[in-house]
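Trainee: What follows is a single structure, and I will ask about it in a moment.
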Amino acid sequence: MPDPPVPRADADRPTASDGGSPTRGRVSRRSLFGPSVGAIAALAGGVAVTTALRDGDDGDDGGATAGPAAFHGPHQPGILTPRQKHVRMAAFDLGDHTDRGRAAALFLRWTSAAERLMRGATPDPRAEPPGSRAAETGALAGTDPARLTLTFGLGPGFFDRPGLTAARPEALAPLPAFPDDRLDPARGGGHLLAQIGSDDAFVTAHVLRTLQRLAHGEARLRWTMSGFTAADGRRNLMGQIDGTNNPDPRRALLSGPAVPPWLVGGSYVVIRRIRMLLDHWDTLPLPHREQALGRRTADGAPLTGGGEHTPVDLEAARPDGVPVIAASAHIRLAAPAGNGGAVMFRRGWSYHDGLRSDGTPDAGLLFTAWQQDPRTAFVPVQRRLAQGDALSRYLVHESSAVFAVPGGVRPGGYLARDLLEG
C-alpha cells in the first residue's frame, strides 16, 4: 500500500468530517502557536509533517519482530523494564530559537522514531527535520532491536526556552553541590535526556545517531556516556553485587491529584558518573573492602549474617562492643531508616573508557536513581554519604544531572504532549 500524502501546512484545520474541531490526536496550531506568522512557518516546517506519523500509516516494518518492551503505555519504557546489557545516556540542549511549537515538532519526530525502532522498524522518512541533509542509512536493517527501550526526560533548563518556566515542577531543581564532587560541567546537566537501552551495543549507537539526526535545527548533543553490565547483570567493577534490596521500581512513579497531568506515570531521575579508584581499591585486603560496604563480597550478604536479601542488623555488635557494621559503612549511611525513609530505585551500568592521562583506569559506574522527589530522596542520602562514607574514599563523582521524566505516551499522542499543549 503506498504511503498517504504528506499533509499540507493547514492539515490541522477543522473540517466538516470531524465536527468542526481538531481531533485530539493532532497538534492544534492555535494551542501551540497562536496567530504569529513565524509560528505558522514553524508549523509548516515540522509539526504538520510529523502529524501524519501519528495519525496515518505506520509504514513497512521490514518483517522485523517486535521487541518485548512496548513503547505506548502509562509509563515510558526503560523504567520498569528489566535492565539491558548496554546503555547510552545522552543529553541535548535546545537551540536559541526553539519555541513550544518547534519543541513539539522535535518530540513528535522522536516519538515516532522511538516507537518504530523499538519494534525493529526504521524511522519514517517523512520524519526527517527541515533542512537536514542526512538520512537513515539502514544500519539496523535485519537487526534484532534486542529489548531496545528509549526513555526521555526534561532538565531544569528545558522549560525556559519554550516559555514554560511557570510549568517547571518545584522538585526539578538543580542539584546542590556536594563535598568532594569534581564535576565536569560539559558532561552534566542538559535540557533533554535520552536513555537508550538494549542488549546490543550496536543498536544503542545507531539509535543515538538517529536521535541526533532528527534533532537537527532544534537541539544539539551536549554529552553522551555508555555503559554495560556483567554477564549475570549483578556485579560492578569493584567486584560488589550491585542493587541489593532495591525497592519496587513502581515506588518511584508519580501519581495523585498534585502531579501535573504530563508527569503522571513518570518519575524523576538523577544521573551520576562515578569513577572508581580501582588501582587503590584492588590493593585493599578483603576485610577492608567488605567493611567499607558492610556486605560480603562473595554473596552480597550483610556482615551481620544471612543471605544477600537478609535485612541488615545495624544494632549488631561484636563481643568487644564494636558495631559489626562500621559507623562509616556504606549500607549504614545509605539506609532509609537514617535518611527519613528516603526511597530510590537504583540502577547502574559499568563503564570503562580506557586510561586517564595519569595512567589510572577511567572506569566506574553510570548510576541512575529513580524517585518521586530528588529533594527528599537523592539529596539527603548523598549529603549523608558525603559526610563520611568509607566507600566514598574510593569514588569520584565526575558528572551529574537531574531530569523530570514525563509519563507514558498514549497511541496517537507524543512525548510530553499535555505539557506542550496544556
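Trainee: Which of the residues belonging to the range 335-394 are in a loop (DSSP other than H, G, I, E, B) and on the phi > 0 side of the Ramachandran plot? Don't jump to the end; show me each part of the working.
Mentor: At the first step, the residues of the range 335-394 found to be in a loop (DSSP other than H, G, I, E, B) are 335, 339-344, 356-360, 372-377, 386-389.
G340, G341, G359, G388, listed by residue number.
Trainee: Please go through the range 195-227 and give me each residue that is under 14 Å from R88 (Cβ atoms) and among the basic types (K, R), ordered by number. Steps first, answer last, please.
Mentor: In the first step, residues of the range 195-227 are kept if they are under 14 Å from R88 (Cβ atoms); the result is 195-212, 221-227.
Hits for the range 195-227 are R209, R222.
Trainee: Condition first: of a type outside the set (A, V, I, L, M), within 24 Å of W370 (Cβ to Cβ), under 27 Å from the mean Cα position of the chain (by Cα) and not in a loop (DSSP other than H, G, I, E, B). Can you find one or more residues in the range 239-248 that meet it? Break it down stepwise before answering.
Mentor: Filtering the range 239-248 for residues of a type outside the set (A, V, I, L, M) gives 239-240, 242-248.
If we keep only those that are within 24 Å of W370 (Cβ to Cβ) too, we end up with 240, 242-248.
Subset that is under 27 Å from the mean Cα position of the chain (by Cα): 240, 242-248.
When the remaining residues are screened for being not in a loop (DSSP other than H, G, I, E, B), the result is none.
No; the residues of the range 239-248 include none that is of a type outside the set (A, V, I, L, M), within 24 Å of W370 (Cβ to Cβ), under 27 Å from the mean Cα position of the chain (by Cα) and not in a loop (DSSP other than H, G, I, E, B).
Trainee: Quick one: would you say T304 is among the hydroxyl-bearing types (S, T, Y), touching a residue at least 12 places away in the same chain (Cβ under 8 Å) and more than 30 Å from H72 (Cα to Cα)? Step through it out loud before you land on a result.
Mentor: Details: among the hydroxyl-bearing types (S, T, Y): yes; touching a residue at least 12 places away in the same chain (Cβ under 8 Å): yes; more than 30 Å from H72 (Cα to Cα): yes.
Yes; evaluated as a whole, the condition is true for this residue.
Trainee: Could you tell me whether G45 is at pLDDT below 95, in a loop (DSSP other than H, G, I, E, B), surrounded by fewer than 19 Cβ atoms within 10 Å (Cβ to Cβ) and not assigned by TED's automatic domain parsing to the domain that holds T224?
Mentor: Details: at pLDDT below 95: yes; in a loop (DSSP other than H, G, I, E, B): no; surrounded by fewer than 19 Cβ atoms within 10 Å (Cβ to Cβ): yes; not assigned by TED's automatic domain parsing to the domain that holds T224: yes.
Against the criterion (at pLDDT below 95, in a loop (DSSP other than H, G, I, E, B), surrounded by fewer than 19 Cβ atoms within 10 Å (Cβ to Cβ) and not assigned by TED's automatic domain parsing to the domain that holds T224), G45 does not qualify.
Trainee: Can I ask one more? Just checking, does the range 248-258 include any residue being surrounded by fewer than 14 Cβ atoms within 10 Å (Cβ to Cβ), closer than 22 Å to A194 by Cα and not hydroxyl-bearing (S, T, Y)?
Mentor: Taking the range 248-258 and keeping what is surrounded by fewer than 14 Cβ atoms within 10 Å (Cβ to Cβ), we get 248, 250, 256-258.
Subset that is closer than 22 Å to A194 by Cα: 250.
The next check asks that each one be not hydroxyl-bearing (S, T, Y); those that pass are 250.
The answer is yes; a qualifying residue exists.
Trainee: Output the residues belonging to the range 104-137 that are basic (K, R) and touching a residue at least 60 places away in the same chain (Cβ under 8 Å).
Mentor: R109, R126 - these are the residues of the range 104-137 that are basic (K, R) and touching a residue at least 60 places away in the same chain (Cβ under 8 Å).
Trainee: Sort out which residues of the range 365-418 are crowded, with 22+ Cβ neighbours inside 10 Å and over 26 Å from P176 (Cα atoms), and write them in order of number.
Mentor: Across the range 365-418, the qualifying residues are V409, Y414, L415, A416, R417.
Trainee: In addition: Here is a check on your reading of the model: is H330 surrounded by fewer than 18 Cβ atoms within 10 Å (Cβ to Cβ) and either in the same structural domain as Q382 (by TED's automatic domain parsing) or of a type in the set (D, E) (or both)? Can you show your working first?
Mentor: Details: surrounded by fewer than 18 Cβ atoms within 10 Å (Cβ to Cβ): no; either in the same structural domain as Q382 (by TED's automatic domain parsing) or of a type in the set (D, E) (or both): yes.
When the stated conditions are applied, H330 does not pass them.
Trainee: As an exercise: evaluate E218 against (1) of a type in the set (D, E, K, R); (2) in contact with a helix residue (DSSP H, G or I) (Cβ under 6 Å, 6 or more places away or on another chain); (3) within 18 Å of V402 (Cα to Cα) and give the number of the one condition it does not meet.
Mentor: Status for E218: all satisfied but (3).
Trainee: What number of residues within the range 96-116 are closer than 21 Å to G142 by Cα, in contact with a Ser or Thr (Cβ under 7 Å, 6 or more places away or on another chain) and among the hydrophobic types (A, V, I, L, M, F, W, C)?
Mentor: Going through the range 96-116 one residue at a time, the tally reaches 1.
The values are calculated or read from the model by the stated rules, or taken from the named source; none is laboratory data. As the structure is a prediction and not an experimental result, all values here were calculated from the model. Cβ: placed from backbone, ideal geometry, glycine included. Neighbour counts: every protein chain shown.
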